[in-house]
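Just below is one structure, and these are the notes that go with it.
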Amino acid sequence: MSSPALILLLLFMGIPILLTFGLSFTNTRLISPNPPAFIGLDNFVRAFAHDPTFIRSLLNTAFFAVVVVPCQSLLALALAVLVNQKVTGVTVFRTMIFMPVVTSMVVVSILWSFFYEDDGLFNSVLNTLTGGGWTAVAWLNDPGTAMPAIIILSVWQGVGLHMIIWLSGLQGIDPALYEAADLDGVNGWQRFRYVTWPGLHSTMVFILVTITIAALGLFVQVDVMTSGGPQDATSTLVYHAVRKGYREQDMGYGSAISLIFFLAVLTISLIQRRLTRDKD
Amino acid sequence: MTPDTSTTLGAPPETAPTDRRAGRRRGRAATRRRRVVLTYIGLTVAAAAAVFPLLFMIFSSFKPDRQIFADLGSLRAFLPVGDLTIDNYVGVFNRVPAAQFLTNSIIVTVCIVLLGLIVNSMIGFAISRMRWKGKNVVLSLVLATLMVPFETIAVPLVFWVAKMPSIQWVVDGFLVKQGMLNTYQVQILPYVANALAIFLFAQHFGDIPKEIDEAARVDGAGWFTIYRRIIVPLSGPTFATVAIIMMLPAWNSYLWPLMVVQEESLRPVSVGMQYFFQLNPVWGQIMAYGTLITLPMLILFIIFQRSFVQSLAGTAVKG
């Protein structure tokens, strides 16, 4: 009964994981007449000592995650509290806020590329709001604004999903706890701080870990909107791994970058789990 | 929702008890009304922020470029006004084989979901209801793969599938060729076995009383019959949940087909859209293409809204 799934998992998950490790220590190329050779830690030395784009990608990925994780999770929580209010028609609003989640990231990226053009939507709106006094900015062509621009659309696309997850956490809290709190005459903030927030603990851990893993894997937006530019300002670990390993066919080096990415994800997830467990 | 504690903890005001109660009741009603108004304001702002890009895309797809740019500075950008036409859609189909891209994505998505439902529910059944050696090891390994993002293995996986054999259908039968690049198989197979789906099936099947199995076995039913005739018919909602969580990433997948499919005739919609975007067509056509590939998912979502939301939220609570 379980063999089809196990064979597929072995072929498309198990072996590739082992390959990520194996290829990292070789100079394998995607298509090459020469047999690959074992080169020890050369790929890792190359990444950290001789590849400024890799270092930049590492920093960009970290920056993206450090901004997106708290912004997206807190905004999602605020929205969840909002759509958890018992007012007429709230489901319609919930549905609308969720719509970006079912939209492909490629479509979202191309659409927002248009918004960010120097004659695109945002500049036009700002121009209208300032009564014609706005100087157009090509948001994606400026190293200072390209990454923040990508951050905004990423949060826009992902926040609905996490709102729904927070919402199901909110609805899983025992109503009796709220009744007890009301009998004690607590105010809104105390209600949230001492009843709601502790009740959301496992939801919080889940959201933290999943947003972090998703944020560290940033690729589509960069590939579609900026190709890592301008001046590597939006290059990320996954983007760099694909550029080296696939586009430049340097499979060994691409695998080494993938492995570094994997170890970073694993370490951060484990630290997050440890930290959130201690607070219990 | 005010953080001001003085209303509840402060000294009681020096008024007669009845007055005070009536006043408090009036005050509470006013607070509630204010809260409802604030909630609606918040909801409206959030919903507007969420849907404005989609409205812009859908309505712009019916406008000539000249009008798209003319409307940008006003609310007209988000309204279906002006001389609307379907020229952009005609343009999309004239420039790229968009119908082929849509067909490819439908084939790939349907295969991933159908095979995924069968394969993952079978192992979920084996894990939750059968006793076999190494079951717990398998379950923990499967769950551990949830921590491995696909992006980690994507690049080495290209190397691996390039060496893997694939089956090709020819006129009189099939033949096996080396290398899986540029096939439907390579777009489907890596997504079929899904740790989250296995977990959801195992969890749900485990909740069905085991006595049913024993009764069926007394009647001479084998494991596969129990799975097929008893457990599957009882688990409709779980199958729907898994179908939804597998369908969205399959339809929207980008990184993987970008690397393993170079042939235009096999390209799925997302890669096709990026390719179209790079041809530098007029913006109206880009909006039309975007609308074409977004609407199917959006319509499915609106129809099956409740199951979509519950599936995606439910995976979190259980995970």
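Tell me the helices (runs of 4 or more DSSP H) entirely within the stretch B:1-100 that contain at least 3 residues that are modelled with pLDDT of 85 or more.
B:17-60, B:65-71, B:87-95
May I ask you to verify whether B:Phe205 is open to solvent by 70 Å² or more (accessible area, probe 1.4 Å) and farther than 24 Å from A:Ile31 by Cα?
For B:Phe205, the condition - open to solvent by 70 Å² or more (accessible area, probe 1.4 Å) and farther than 24 Å from A:Ile31 by Cα - is not met.
Name the pairs whose Cβ atoms lie under 8 Å apart, with the first residue in the stretch A:170-181 and more than 14 Å from A:His201 (Cβ to Cβ), the second in a helix (DSSP H, G or I) and aliphatic (A, V, I, L, M), and 6 or more positions between them or separate chains?
Pairs that qualify, where the first residue is more than 14 Å from A:His201 (Cβ to Cβ) and the partner is in a helix (DSSP H, G or I) and aliphatic (A, V, I, L, M), are A:Tyr178/A:Val195; A:Ala181/A:Val195.
Return the residues of the stretch A:236-266 that are over 19 Å from A:Asn43 (Cα atoms) and touching a residue at least 12 places away in the same chain (Cβ under 8 Å); say none if nothing qualifies.
Passing the criteria: only A:Val265.
Hey, which of the helices (runs of 4 or more DSSP H) in the stretch B:207-319, taking only ones fully inside, have at least 3 residues that are among the β-branched types (Val, Ile, Thr) and at pLDDT 90 or above? Explain how you work it out, then say what you get.
Details: elements: B:211-218, B:236-252, B:255-260, B:269-278, B:283-303, B:305-318.
Per the criteria, B:283-303.
Can you go through A:Thr226, A:Thr236 and tell me which one is open to solvent by 10 Å² or more (accessible area, probe 1.4 Å) and β-branched (Val, Ile, Thr)?
Among A:Thr226, A:Thr236, only A:Thr226 is open to solvent by 10 Å² or more (accessible area, probe 1.4 Å) and β-branched (Val, Ile, Thr).
Quick one: in the stretch B:265-304, which of the residues that are of a type in the set (S, T, N, Q) and more than 8 Å from every other protein chain (Cβ to nearest Cβ) is least open to solvent (accessible area, probe 1.4 Å)? Outline the logic, then answer.
Within the stretch B:265-304, the first condition is being of a type in the set (S, T, N, Q), and the residues that meet it are B:265, B:270, B:274, B:278, B:280, B:285, B:291, B:294.
Then keep just the ones that are more than 8 Å from every other protein chain (Cβ to nearest Cβ); that gives B:265, B:278, B:280, B:285, B:291.
Numbers: B:Ser265: 60, B:Gln278: 124, B:Asn280: 129, B:Gln285: 27, B:Thr291: 3 Å².
Here the answer is B:Thr291.
Every residue in the stretch A:74-99 that is more than 8 Å from chain B (Cβ to nearest Cβ) and open to solvent by less than 30 Å² (accessible area, probe 1.4 Å), please.
If the condition is that a residue be more than 8 Å from chain B (Cβ to nearest Cβ) and open to solvent by less than 30 Å² (accessible area, probe 1.4 Å), then A:Ala76, A:Leu77, A:Ala80 are the ones that fit.
Just wondering, is there one or more residues in the stretch A:51-70 that are in contact with a helix residue (DSSP H, G or I) (Cβ under 8 Å, 6 or more places away or on another chain), open to solvent by 80 Å² or more (accessible area, probe 1.4 Å) and within 30 Å of A:Thr203 (Cα to Cα)?
Taking the stretch A:51-70 first, the residues in contact with a helix residue (DSSP H, G or I) (Cβ under 8 Å, 6 or more places away or on another chain) are A:53-55, A:57-58, A:60-61, A:63-65, A:67-69.
Subsequent filtering for residues that are open to solvent by 80 Å² or more (accessible area, probe 1.4 Å) retains A:63.
From what's left, within 30 Å of A:Thr203 (Cα to Cα): A:63.
Yes, the conditions are met somewhere in the stretch A:51-70.
Is there a residue in the stretch A:249-269 that is open to solvent by 30 Å² or more (accessible area, probe 1.4 Å), within 13 Å of B:Met259 (Cβ to Cβ) and among the hydroxyl-bearing types (Ser, Thr, Tyr)?
no
The values are calculated or read from the model by the stated rules, or taken from the named source; none is laboratory data. Here the structure is a predicted model, which means the values were calculated and not measured. A quick note on method: Cβ atoms are made from the backbone with ideal geometry, for glycine too, and the neighbour counts reach across all protein chains shown. Side chains included, ligands, DNA and RNA excluded: accessible areas come from the protein's heavy atoms. Shrake-Rupley method; radii C 1.70, N 1.55, O 1.52, S 1.80 Å.
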